[in-house]
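The values are calculated or read from the model by the stated rules, or taken from the named source; none is laboratory data. On a predicted model such as this, the values are computed, not experimentally measured, just so you know. Reconstructed Cβ throughout: ideal geometry from the backbone, glycine too, with neighbour counts over all protein chains shown. When the accessible area is computed, the model is the full protein with side chains, heavy atoms only, and any ligands, DNA or RNA have been set aside. Shrake-Rupley method; radii C 1.70, N 1.55, O 1.52, S 1.80 Å.
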Amino acid sequence: MDIAIVGSGYVGLVTGVCLAHIGHHVICCDNNEEKIKVLKSGGVPIYEPGLNELLAKYRKSKRIVFTTSIAEAAKKATVIFIAVGTPSKKNGDADLTYIENVAREVARNMDSYKLLVEKSTVPAQTGNRIERTIRLNLPKNSTLEFDVASNPEFLREGSAVEDFMHPDRVVLGVSSKRAERLLREVYKPLKANIVVTNVATAEMIKHASNSFLATKISFINSVAQICERVGADVEKVAEGMGYDKRIGRSFLNTGIGYGGSCFPKDVDAFVRLAEKSGYDFSILKSVRQVNEDQKKSFIRLIEDKLWNIKDKTIAVWGLAFKANTDDMRSAASLTIIEALQAEGASIQAYDPVAMDNAKKMIKGVKFCEDAYAAVKDADCLLLLTEWDEFRKVDFTKVRDTMSQTVIFDGRNFLDHDALGAFGFECYGIGRGKHA
Ligand code: NAD
């Protein structure tokens, strides 16, 4: 099939490349000229494992092409996926300006039947608004037919290609048989479980799924707070809970809270959607609060154990909001570094892939070339992202390089007992050691 993707970021680009991989012809569109220039010239504007190789293959065979023109993309394809950003407004609402712009432009350039598919995460009812926008912007007296569908994306940055190729389910929110048939055809090669529903229900499935996962994280973080106070180990609690099939181990990882471009904004948007429809979603409000408190409590722990922050040199390992991505959006590292800088600390940081993005977002940090350079003469080390390479460093070298051998492990990622035997003072979260 000929498929267009409008918005070639983390979701759009991965979707485009994977659709090419399963046999479709894809045109990826973005209004960021720099991004399209990079893509056309053989580069990859984001870091995502496995993406580079697939992109190179299908770019060469021209199964995937790039443009800055929605008109060109809309003319080439019958199915048009919208994968533009839907960031939070100040009041928590999803900002749907980009979605509206795309709907308008597609409508103005339509010359035959089109199926517009929401891939971006949007509040329930957005499908109706897109439909209305298209009707209002079609050429005068046009009798062109079109459909709007919802096909929310569940991929995770860091394993996006794998997730796209092997989804737990594909959700198709449709309002016509024609739309359903086309979307089934798009996904046929994946042989995935397909859930077909109406558009609003598909939109709600995405809201509910992300918010539920955020709830699991805040739940275990709350449990961690109590573990710390009563001398229990949250990692063992999570393990003991996780074997229960009704609960499951995933998303029971304690730490400095969730970040990234999805959970914070999607939880906000769901709370706002509930509010506007007359329901007070108090559970989700607490989920959000717990997430904020988690970062504050980590900062308090550092303040307590380091005694004075002023003039201390603090090493930071990991800046991205999670491992295997260069995405810095709503990363916990931003809040934590800013708070410590405000108290007079000097920060020396290292991240395997996110430093270029981090440099645009944090000032006054010394960015280091590797993990060892970051800990040089440091009074303590903060582990903020669970990159695998941090488990493989030579801790003898780290110990000999640091000024004080104190580690704050914001992801409960390192082996604290082994490091303790090595002479490090290690603080994790909810490990019952600093009660
Ligand atoms: P992103 O910022 O990486 O990409 C969005 C792209 O859209 C940008 O490159 C931007 O230049 C482009 N764009 C904006 N307006 C445009 C226009 N009028 N025409 C063409 N291009 C335009 O964002 P993302 O992380 O890929 O997220 C996109 C959507 O997918 C969001 O709604 C997000 O919530 C959702 N989502 C994201 C993830 C994730 O892990 N990142 C997972 C599932 C769903």
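See the values below:
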| quantity | calculated |
| --- | --- |
| Å² per residue, accessible surface of region 323-435 at 1.4 Å | 43 Å² |
| Nitroxide proxy distance, nm - points 7 Å out along Cα→Cβ at Ala56 and Arg181 | 4.1 nm |
| Pairwise FRET efficiency - Ser41 versus Lys359, Cβ, R0 = 25 Å, nearest 0.05 | 0.65 |
| Peptides ranked, highest mean first, by Cβ atoms within 10 Å: ranges 235-248, 122-135, 42-55 | 122-135, 42-55, 235-248 |
| Total charge dipole magnitude, the chain, about the Cα centre, Cβ charges on Lys, Arg, Asp, Glu only, Debye to nearest 20 | 1380 debye |
| Radius ratio Rg over Rh of region 2-196, counting only Cα atoms, Kirkwood formula for Rh | 0.94 |
| Distance in nm between pseudo-label sites at Lys397 and Lys236 (7 Å out along the Cβ direction from Cα) | 3.5 nm |
| 15 Å Cα-Cα reach of Lys62 towards aspartates and glutamates, excluding residues that sit fewer than 8 places from it in its own chain | Asp2, Glu53 |
| Choice from Ile22, Ile347, Ile220 with maximal GNM fluctuation in the chain (Cα, 10 Å cutoff) | Ile22 |
| Equivalent ellipsoid semi-axes, the chain, via Cα gyration tensor eigenvalues times 5, rooted, Å | 43, 24, 19 |
| Relative packing of 294-303, 150-159, which averages over residues the other C-beta atoms within 10 Å, highest first | 150-159, 294-303 |
| Two-site label geometry, Lys188 and Leu136: point separation in nm, points 7 Å out along Cα→Cβ | 3.8 nm |
| Normalised contact order of the chain, rounded percent, pairs of Cα under 8 Å and 6 or more residues apart | 12 percent |
| Formal net charge of residues neighbouring Val14 (Cβ-Cβ distance under 11 Å; K, R +1; D, E -1) | -3 |
| Charge dipole (the chain, unit charges on Cβ, about Cα centre) - positive-most of Ile429, Ala332, Asn101 | Asn101 |
| Accessible area in square angstrom per residue, region 2-196, 1.4 angstrom probe | 46 Å² |
| Top of Thr15, Thr68, Thr143 by mean-square fluctuation, Gaussian network on the chain, Cα under 10 Å | Thr143 |
| Sequence-distant lysines (8 or more away, or on other chains) whose Cα lies within less than 16 Å of Lys397 | Lys376 |
| Low-density loop positions, trypsin sites (Lys or Arg not before Pro), region 316-387 - DSSP coil, at most 16 other Cβ in 10 Å | Lys363, Lys376 |
| Burial ranking of peptide ranges 188-194, 108-114, 95-101 (average Cβ count within 10 Å, highest at the top) | 95-101, 108-114, 188-194 |
| Protein accessible area in region 198-435, 1.4 Å probe - carbon and sulfur % | 52 percent |
| Using alpha-carbon coordinates, inclination of helix 177-187 to the longest axis of the chain, degrees | 50 degrees |
| Farthest toward positive dipole pole in the chain [+1 Lys/Arg, -1 Asp/Glu at C-beta], among Ile217, Leu381, Thr121 | Thr121 |
| Convex hull volume per residue in cubic angstrom - Cα atoms of region 198-435 | 140 Å³ |
| Normalised convex hull volume, region 270-376, alpha-carbon set, Å³ per residue | 123 Å³ |
| Principal-axis tilt of helix 126-137 within the chain, Cα atoms, nearest 10 degrees | 40 degrees |
| Members of Lys216/Lys245; Lys57/Lys191; Lys236/Lys322 lying beyond 18 Å, as alpha-carbon distances in this model show | Lys57/Lys191; Lys236/Lys322 |
| Percent RCO, i.e. relative contact order, over region 198-435, from Cα pairs under 8 Å lying at least 6 residues apart | 23 percent |
| Nearby lysines by direct alpha-carbon distance to Lys90 (threshold 19 angstrom, same-chain neighbours under 8 apart not counted) | Lys265, Lys276, Lys285 |
| Region 3-68: relative contact order in percent, alpha carbon pairs under 8 Å with at least 6 residues between | 38 percent |
| Efficiency of FRET between Glu338 and Asp95 - r from beta-carbon atoms, R0 30 angstrom, step 0.05 | 0.80 |
| Of all accessible heavy-atom area on region 2-196, the percent that carbon and sulfur account for (1.4 Å) | 46 percent |
| Region 226-314, dipole about Cα centre (Lys/Arg Cβ +1, Asp/Glu Cβ -1), debye to the nearest 20 | 100 debye |
